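No lab work stands behind these numbers, since they all come straight from the coordinates. Values in this document were obtained by computation on a predicted structure and should not be read as measured data. Note: ideal-geometry Cβ built from the backbone for every residue, glycine included; neighbour counts use all protein chains shown.
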Amino acid sequence: MAFNSREYEWADITVIAGGRDLLGIRGVKYTRKIEREAVYAKGRKAKAIQSGNESVEGELVLLQSTYNELLDSSGGDILSLSIDTEVTYGNPSRGDALRTDRLIGIRFTEEAVEFKQGDKFAEITVPFLALDIQKNV
């Protein structure tokens, strides 16, 4: 068995949101969290750690043109959009195994556009919540 120490790089990332390849994506971040709480009884040390609700949150960083495409596909209100998104990384032509994470039921939570003097392009960050992440589908 050969060992390949090559790491994935940004050029190996493909993000498909609502069936559309996001060519103007500049960043993607998503996190799965679970509530945890220590349970105490007699003594000073925890007797167990109990689990609660799970949540998925993240953000897409997009160029203005790609953000506008999502905005147009939502009928002008990105906060009303509900989409599934796939993040695939790897380059099979370089011997990488493809990995795909599917983010189910993304709903954007904020709509903010910012321009500053000297900007050469607009970069828009749209945070989201999702229902679940399916790993390596």
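What's the FRET efficiency of residue 80 with residue 132 using the Cβ-Cβ distance as r and R₀ = 22 Å, to the nearest 0.05? For residue 80 and residue 132, the calculated efficiency is 0.60. Each peptide among 71-80, 43-52 gets the average number of other Cβ atoms lying within 10 Å of its residues, and from highest to lowest they stand as 71-80, 43-52. Charge dipole (Cα centre; +1 on Lys/Arg Cβ, -1 on Asp/Glu Cβ; no other charges) of the chain amounts to roughly 1000 debye.
In plain terms, the chain from residue 115 to residue 29 could stretch by 28.8 nm, reckoned as 0.36 nm per residue minus the Cα-Cα distance. For the chain, the longest principal axis of the Cα atoms and the long axis of helix 64-73 meet at an angle of about 80 degrees.
I need the chymotrypsin sites (Phe, Trp or Tyr not before Pro) found in region 1-69, filtered to DSSP loop residues with at most 16 other beta carbons within 10 Å of theirs.
Sparse-neighbourhood loop chymotrypsin sites (Phe, Trp or Tyr not before Pro): 3, 8.
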